[in-house]
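The values are calculated or read from the model by the stated rules, or taken from the named source; none is laboratory data. As the structure is a computational prediction, the values presented were derived from the model and not from experiment. Note that each Cβ is placed from the backbone with ideal geometry, even for glycine, and that neighbours are counted across all protein chains shown.
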Amino acid sequence: MNREYYFDHSATSNPKPKQVIDSVVEALTNFNGNPSRSSCRKSIEIERRIFGIREKIANFFNIKNPLQIAFTKNSTESLNFAIKGSNLENCNIITSVIEHNSVLRPLNSLRDNKNVSLSYIHPHKETSEVIKEILSLITPNTKAIVLNHISNVTGYIFDIEAIGEICKKYNLLFIVDSSQSAGFLPIDVEKSNIDILCFTGHKSLMGIQGIGGIFVREGVELSPVLEGGTGSFSKFERQPLKMPELLEAGTNNIPGIFSLGAGIDYIKEIGLDKIRDHEYKLTKFFIDEISKIPEITIYDNFNIFRGPVVAINIKNISSSELSDILSEEFNIYTRSGFHCAPLVHKYLGTYESGCVRFSFGYSNTMEEVLYCINALKEIISFFNN
Ligand SMILES: Cc1ncc(COP(=O)(O)O)c(C=O)c1O
């Protein structure tokens, strides 16, 4: 097979580390019981392993009590549990224009059904400007801030520590979507005063698709969006309100949980700093080089530290055509279109055209990025002639 150049890590990380694949095989080979559903030894062994993985996740995000973490399908499910379960009604919520639809759609559902008004902040080069904008939007009716940590289109990073301070001061519920940041930036739920952290397992946390999670701070009241079996409290007529059962209705994805644990081990072995430095180095090199090409527009390039994501367009080539050419002629895999984030495209002025997103991962090399830059130059030269 021809060599492939995978620059779509924001969609899902690829390849998965060997130890992640091995952990799934181990789960399917040796751990095919149902944890918490019976008291047989196998079931208890699995429950122990899963608790160990909750502890690893707790340690990774500085969560004090691992039982405040529930496993979900992905961050979409976590965000629905957080946004729809937080009993937010007849109030105002502040969010941003860089949100993914997994934040926007549940928020719009509250707007349509629960008399919630939504206010939007924008990316700014300086965090002080972001804070100024938030302060200008807070009203006595504001109850929560729901925010994407890193944009999946522009790589813009909101300073969640500074915003968490504001949430603490004004007693606002702080819900963070860490889909693009967990596994790239350190996240400390205590330092950033996060009430609910939503994460997905299959992106930079290196697990497989179908696993994610949610941390809910003790004392934050959530209503369950899903109800069903938990293997405990079986005589309760309704879902138990205790974490993690509150948000874990039905049989958990054991192979997925194992993969998430192995993904975190992999990150710890390499070191989060090393991963971030490598991915940022590739991102910066890519931006620096393509900035010299007049036909290329880079979106929202504030020239500040960002996530490993770069969105571009090339003059006179549609985003879908560019992505197709990169794929078919150069084996370079990117993502074109709107990236499930319609408001960011309005903000960038690409609501009609979309753009092409390049997202880098730890497995990418400088040589691959150089190959990609040369491919873009070749495509431009072809269209110019
Ligand atoms: C910022 C952001 N939020 C949420 C999601 C949803 O993630 P998942 O599909 O794993 O639920 C994504 C996925 O691309 C994302 O980039």
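Which helices (runs of 4 or more DSSP H) sit wholly inside region 272-385 and have at least 3 residues that are of a type in the set (Lys, Arg)? Before you say what the answer is, go through the steps one by one.
Working: elements: 272-290, 319-330, 342-348, 366-384.
Because the criterion is at least 3 residues that are of a type in the set (Lys, Arg), the helices (runs of 4 or more DSSP H) in region 272-385 that meet it are 272-290.
Hey, can you tell me all the residues within region 186-228 that are within 16 Å of the ligand (Cβ to nearest atom) and surrounded by fewer than 19 Cβ atoms within 10 Å (Cβ to Cβ)? Give the derivation first.
Here is the first cut: in region 186-228, the residues within 16 Å of the ligand (Cβ to nearest atom) are 187, 194, 196-215, 225-226.
Gln209, Gly210, Val225, Leu226, listed by residue number.
Mind listing whichever residues of region 346-364 are without any contact (Cβ under 8 Å) to a residue 60 or more places away in the chain and either surrounded by 14 or more Cβ atoms within 10 Å (Cβ to Cβ) or out of contact with any Phe, Trp or Tyr (no Cβ under 9 Å at 6 or more places or on another chain) (or both)?
Here is the first cut: in region 346-364, the ones without any contact (Cβ under 8 Å) to a residue 60 or more places away in the chain are 349-354, 356.
Matches in region 346-364: Thr350, Glu352, Ser353, Gly354, Val356.
Is it true that some residue in region 288-310 is more than 21 Å from Leu370 (Cα to Cα) and out of contact with any Ser or Thr (no Cβ under 8 Å at 6 or more places or on another chain)?
Within region 288-310, the subset more than 21 Å from Leu370 (Cα to Cα) is 300, 302, 304.
Within this subset, residues satisfying the condition of being out of contact with any Ser or Thr (no Cβ under 8 Å at 6 or more places or on another chain) are 302, 304.
Yes, that holds for at least one residue.
Run down Gly337, Gly349 and say which single residue is within 16 Å of the ligand (Cβ to nearest atom) and not hydrophobic (A, V, I, L, M, F, W, C).
On the way: Gly349 fails: within 16 Å of the ligand (Cβ to nearest atom).
Exactly one of Gly337, Gly349 is within 16 Å of the ligand (Cβ to nearest atom) and not hydrophobic (A, V, I, L, M, F, W, C), namely Gly337.
Any idea which of Ile53, Ile46, Ile69 is at pLDDT below 95 and touching a helix residue (DSSP H, G or I) at 6+ places or on another chain (Cβ under 7 Å)? So that I can check it myself, show each step before the final result.
Details: Ile53 fails: at pLDDT below 95; Ile69 fails: at pLDDT below 95.
Criteria check complete, one pass: Ile46.
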